[in-house]
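Since the structure comes first, as structure tokens, the remarks are kept for the end.
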Amino acid sequence: MEMIKERTLQGELVAIRRHLHQNPEVGMELPATKKFVWDKLVEYGYEPQACGSMGITCTVGQGEKVFLLRGDMDALPLAEDTDLPFRSENGAMHACGHDMHTTMLLGAAKLLKEQDADLTGVVKLLFQPGEEILQGAKDCLADGLLENPKVDAGAMMHVFPFKGQPVNKIFTAPAGTFMASADWYEIKVEGVGSHGSMPEYSIDPINVATKIYDALQTLSAREISSAERFVLTIGEFVGGTPGSSNVIPNSTYMKGTLRTLKEDVRQQIKKRMVEISEAIGQAFGAKVSVDFTNGCCSNEIDPTVTEIVKERLAQVFPEDQAPETIVAPPLMGSEDFGEISHQIPTTTLLITAADTELMLHNPKIVLDENIMELGAKVYVEAALAYLERN
């Protein structure tokens, strides 16, 4: 009877995941996804509540301690390039596995509801928008995510491809800083346009922008200790109009990302980016502005919560799935769950979902649906571990 029930849950989760995968939505605008998740929660017996502009929360259980489980719902503005029969065709793609996270958290919701009367505390579920654009967690926090009821600790989970590792392997993040902070920025240079033959009548914004580009690269070489790890990338540089090579434009801009592991280093670099850019602009007579558009804190891993969860998972799951701790330096990738990790003690769990050299965010990535039920149970056991210990 138990095996039939498990197969039934797996089949239900696969159907949910395929619906979400085929109908991805991006950023903070997820109306269809929100309605689908909301309706599923109602079907499972929950009374979901709106959290921020597009998030959903609900609770199950009773008691003083409250544990948060987070699943992100948003996709990427990326055209899918797979042969899946349920591939997306709307120009967006769940290339980061958020469709799986949402599905597995729905599976956890169903399993937890079946244990409602036996829970020794409260599990709060968060279905979050806007992770990819680093806005969703902040939006939910601003709307009281960690209150009513007051949350004591929490966990997030992420699927990932890992060449050479079997699918269905569980990993826990090491204690401390696990993922970098992230800041998206835009540097605008306003000059004076002119004919290409008369640069003396212009303030060439491209010239100014290249000086800023070069100067920012010296931050790591001359202003920040070599012991600190950070990445300052300019990934977009736009100036001039195609076909107008004899025109000096009025303006240009650069966009990029800053990733750091320490908050004081983060703030120091941001301050110097503004000072250097504005000073170069002043030196050449141009107006320069530096805007930090989106951002999130580093993802911090609490050692106590992590050990409690890891110990429980090792007891519950078979030896070949028993969690291992990732042995690696902090990742320079970012996760906006970091905002939550700076408010309450949290842990991060990972499940291998593909044995491939392709990375997440690749339009050809195909993740293995066989992990769906495992992921749902990992969510459940993580919450039970904390509540039963406390």
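Reported count of residues in the range 57-70, each being open to solvent by 10 Å² or more (accessible area, probe 1.4 Å) and either on the phi > 0 side of the Ramachandran plot or not β-branched (Val, Ile, Thr) (or both), is 5.
Yes/no per residue for (1) modelled with pLDDT under 95; (2) open to solvent by less than 60 Å² (accessible area, probe 1.4 Å); (3) under 21 Å from ASN250 (Cα atoms):
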site: MET273; (1), (2), (3): no, yes, no
site: GLU278; (1), (2), (3): no, no, yes
site: PHE284; (1), (2), (3): no, no, yes
site: ASP291; (1), (2), (3): no, no, yes
site: GLY295; (1), (2), (3): no, yes, no
site: ASN299; (1), (2), (3): no, yes, no
site: VAL305; (1), (2), (3): no, yes, no
site: LYS310; (1), (2), (3): no, yes, no
site: PRO318; (1), (2), (3): yes, no, no
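Screening LYS364 on (1) surrounded by fewer than 22 Cβ atoms within 10 Å (Cβ to Cβ); (2) within 25 Å of MET93 (Cα to Cα); (3) touching a strand residue (DSSP E or B) at 6+ places or on another chain (Cβ under 7 Å) shows it passes everything except condition (3). All of LEU358, LEU384 fail the test of being outside any loop (DSSP other than H, G, I, E, B), in contact with a strand residue (DSSP E or B) (Cβ under 9 Å, 6 or more places away or on another chain) and either in contact (Cβ under 8 Å) with a residue 60 or more places away in the chain or closer than 19 Å to GLN165 by Cβ (or both), apart from LEU384.
Residue-wise test of (1) touching a helix residue (DSSP H, G or I) at 6+ places or on another chain (Cβ under 6 Å); (2) surrounded by fewer than 20 Cβ atoms within 10 Å (Cβ to Cβ); (3) not hydroxyl-bearing (Ser, Thr, Tyr).
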residue: HIS19; (1), (2), (3): no, yes, yes
residue: MET28; (1), (2), (3): no, yes, yes
residue: THR33; (1), (2), (3): no, no, no
residue: PHE36; (1), (2), (3): no, yes, yes
residue: ALA50; (1), (2), (3): no, yes, yes
residue: GLY55; (1), (2), (3): yes, no, yes
residue: ASP72; (1), (2), (3): yes, no, yes
residue: ALA79; (1), (2), (3): no, yes, yes
residue: GLY91; (1), (2), (3): no, yes, yes
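Give the residue that is modelled with the lowest pLDDT, with candidates limited to residues of the range 231-268 that are open to solvent by less than 40 Å² (accessible area, probe 1.4 Å), within 21 Å of GLY281 (Cβ to Cβ) and more than 19 Å from the chain's Cα centre (by Cα). Ranking the candidates gives GLY240 first. The residues in the range 294-329 that are under 24 Å from LYS262 (Cβ atoms), part of a strand (DSSP E or B) and out of contact with any Leu (no Cβ under 9 Å at 6 or more places or on another chain) can be counted, and the count is 3. Could you check, for the range 213-228, whether at least one of its residues is under 30 Å from LEU105 (Cβ atoms) and either assigned to a loop (DSSP other than H, G, I, E, B) or in contact (Cβ under 8 Å) with a residue 12 or more places away in the chain (or both)? Checked against the condition, which is being under 30 Å from LEU105 (Cβ atoms) and either assigned to a loop (DSSP other than H, G, I, E, B) or in contact (Cβ under 8 Å) with a residue 12 or more places away in the chain (or both), the range 213-228 yields no hits at all.
The residues of the range 135-151 that are open to solvent by 10 Å² or more (accessible area, probe 1.4 Å) and either in contact with a helix residue (DSSP H, G or I) (Cβ under 8 Å, 6 or more places away or on another chain) or under 19 Å from GLY295 (Cα atoms) (or both), listed by number, are GLN135, LYS138, ASP139, LEU141, ALA142, ASP143, LEU146.
Applying the condition of being of a type outside the set (A, V, I, L, M, F, W, C) and part of a strand (DSSP E or B) to the range 191-207 and asking which residue is most open to solvent (accessible area, probe 1.4 Å) yields HIS195.
Residue count for the range 335-355 satisfying the condition of being under 28 Å from LYS163 (Cβ atoms), part of a loop (DSSP other than H, G, I, E, B) and among the aliphatic types (A, V, I, L, M): 0. All of (1) crowded, with 20+ Cβ neighbours inside 10 Å; (2) of a type in the set (A, V, I, L, M); (3) not in a helix (DSSP H, G or I) hold for VAL378 with one exception: (3).
The values are calculated or read from the model by the stated rules, or taken from the named source; none is laboratory data. These figures come from a predicted structure and were not determined experimentally. Here the Cβ is made from the backbone with ideal geometry for all residues, glycine too, and neighbour counts use every protein chain on show. Calculation scope for accessible area: heavy atoms of the full protein, side chains included, ligands and nucleic acids excluded. Shrake-Rupley method; radii C 1.70, N 1.55, O 1.52, S 1.80 Å.
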